[in-house]
Amino acid sequence: MGLYLKLAFGNVRRSARDYSVYFATLGFAACLLYSFVASSDYLNRLDLSPDQMGVVASSGDILQAFSIFTVLVFLFLVRYANRFLLRRRSREFALYKLVGMDRGAVSCVLVMETACVGVLALALGVLLGVALSPAFGAITAFVFDVPWRPMVVFSSQSAVWTSGCFAAVFALNAFDGARNIGRRPLIELIAAERAPEVASTGGRLARGVQVAVAAVLLAVVWGACVFQPVYFIAFIIPMGFAACFATALVARIVVTGWAARARRRTERYWWGLRAFTVRQVEARVASSSMALACVCVLIAVSVCMMVAGFAFSVGMHTPELVSQGLATSMAPIGFIGIFYGSVFLLSAVAVLSLQQLSGAADARHAYASLAKLGCERADMALSVRKQVLLCFAAPFAGAMVHDVFGLFLVAFLAFALGTSGFFAITGGVLLFTAALLAVYGVLTSLAVERLCLADV
């Protein structure tokens with residue numbers, strides 16, 4: 001057992017450098033979850049009026065219920081990340097079996113690694129949440145429009161809740177990962193890293209049907225958002241699934257057309273590594289169009305929720321609305337919108353980064369072949385950056401198209417309630433979203449370049 005624990009610690013320490021985006025995302029997720037649950041403790045330390053105390057008390061159960069939904073989002077995020085890591089390390093687990101470790105021993109090492117990652121991410125997240133508690137307290141006080149004073153707050157109840165949620169999430173993923181590795185034959189584990197995920201593409205008739213289906217679905221979703229907002233809100237979950245499916249179809253259609261146009265310009269297509277880059281992007285979108293579509297819709301939803309959150313809190317801090325008590329009553333909704341918008345945005349960019357890292361593992365052998373053919377490392381690095389930039393910019397652009405209609409609904413509700421500064425709030429949220437995507441894009445580009453060119 002001691003040998004397995006030492007091996008697990010060594011693997012975690014070695015993987016921390018290659019998958020820094022994954023570990024940082026888990027730590028930040030723990031920080032957000034802890035800070036969201038602890039928000040009521042921040043407010044209890046402030047000078048609240050009896051009416052404000054009543055609103056905080058009534059919103060406490062709502063906030064905790066919404067935190068359960070947040071755990072489900074993080075469960076999806078961790079599961080997606082673990083799928084990438086297991087596929088990336090399948091050859092390593094096969095070597096463990098070759099040297100004599102049985103299935104139970106390999107599963108034990110994997111469970112220990114998952115536990116180490118979970119404990120480290122949880123500790124980092126809670127410590128970060130405590131250190132940033134003055135800032136989170138300031139945001140909470142600002143949203144609820146109450147006086148604020150700087151103080152460091154530790155909530156033992158929130159720490160226990162966060163620890164329990166993380167334990168459940170990582171236990172499920174550890175069990176799933178151990179079962180997945182244990183039941184796969186040795187030859188499949190050895191070849192898993194070299195076998196890219198592919199998806200079949202249809203002919204001209206199939207593409208025509210896809211265009212028609214995507215147009216109908218988007219017309220229904222966007223039309224309901226603009227002309228029937230009540231029905232859109234009532235059926236928001238099926239509307240979200242329809243938007244994801246239609247976006248995935250549009251992504252495949254657009255990329256297929258872009259690649260066809262690029263091939264027709266032969267003088268540019270065969271210049272440098274443009275042909276290789278186009279083929280890599282085309283294959284990436286064909287095999288992961290649904291993941292990219294989910295990212296696109298998550299970004300669109302997060303922007304709408306953050307704009308709505310700030311509009312229903314900051315935008316209602318006018319003397320008239322405060323005197324009517326409307327600003328205080330809408331504060332919990334504003335806080336939930338801001339928090340969930342940030343959670344969805346974090347999940348979207350994390351999934352996008354991990355998807356790019358997974359593609360890098362598939363393409364590493366292709367870059368090694370290019371190096372053997374005499375290709376310069378600088379040209380290959382430029383190809384990597386172009387691919388990552390395109391895969392980050394395209395979902396953001398698609399999200400902005402969705403937000404043209406989504407923000408119309410938010411603006412209708414905001415102006416109906418009499419909020420102020422809507423356009424300034426929208427501009428600030430869009431700038432924050434673009435900046436976060438840019439930061440993650442740079443970090444992901446560096447990690448993908450390191451993975452793709454490791455053998456060069």
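The values are calculated or read from the model by the stated rules, or taken from the named source; none is laboratory data. Predicted model only: the values in this text are computed from it and were never measured. Backbone-built Cβ (ideal geometry, glycine too); neighbour counts: all protein chains shown. Quick note on the areas: whole protein, heavy atoms, side chains included, nothing else; ligands and nucleic acids left out. Shrake-Rupley method; radii C 1.70, N 1.55, O 1.52, S 1.80 Å.
Per the Debye calculation on segment 307-429 with a single equal scatterer at every Cα and no solvent contribution, log₁₀ I(q)/I(0) for q = 0.11, 0.22 Å⁻¹ amounts to -0.56, -1.21.
Remark: accessible surface ordering of LYS386, LYS372, LYS6, LYS97 (largest first) is LYS372, LYS6, LYS386, LYS97, probe radius 1.4 Å. The ALA212 and GLU267 beta-carbon pair, evaluated with R₀ = 25 Å, returns a calculated FRET efficiency of approximately 0.10.
Roughly how many Å is it from the Cα centre of segment 348-383 to that of segment 253-277, as a whole number? The distance from the Cα centre of segment 348-383 to that of segment 253-277 comes to 18 Å. Maximal additional length on extending the ALA371-VAL119 stretch stands at 86.7 nm, based on 0.36 nm per residue less the C-alpha distance.
Taking a point 7 Å out from the Cα of LEU382 in the direction of its Cβ, the residues of segment 403-445 whose backbone N falls within less than 19 Å of it are 445.
In the complete set of protein chains, residue-level accessible area for SER35 is approximately 10 Å², probe 1.4 angstrom. Reducing segment 287-306 and segment 425-445 to their Cα centroids gives an inter-centroid distance of 14 Å.
Surface listing: ARG279, ARG252, ARG284 arranged by accessible area from highest to lowest gives ARG279, ARG252, ARG284, probe 1.4 Å.
The HN-Hα couplings worked out from phi for segment 159-175 by the Karplus form 6.51 cos²θ - 1.76 cosθ + 1.60 (θ = phi - 60°) are 5, 5, 4, 5, 4, x, 5, 5, 4, 5, 4, 6, 5, 4, 6, 5, 5 Hz, whole numbers, x standing for Gly and Pro.
Overall shape of segment 100-177 was characterised from the C-alpha gyration tensor. The equivalent ellipsoid obtained from it has semi-axes of 38, 11, 8 Å, in decreasing order.
Ranking TRP148, TRP222, TRP271 from most to least accessible surface, computed with a 1.4 Å probe over the protein chains only, gives TRP271, TRP148, TRP222. For ALA214, neighbours were defined as the other residues whose beta-carbon sits under 11 Å from its Cβ, and their charges (Lys and Arg +1, Asp and Glu -1) total +2.
Taking every Cα-Cα distance in segment 392-456 and sorting them into 5 Å bins from zero, the calculated P(r) comes out as 4, 14, 18, 18, 13, 10, 8, 5, 4, 3, 2, 1 percent. Taking θ as phi - 60° and the Karplus parameters 6.51, -1.76 and 1.60, the scalar couplings of segment 414-427 work out to 5, 5, 5, 8, x, 6, 10, x, 4, 5, 5, 4, 4, x Hz in sequence order, x denoting glycine and proline.
The gain in end-to-end length when the ALA167 to ARG179 segment is fully stretched comes to 2.5 nm, 0.36 nm per residue minus the alpha carbon separation.
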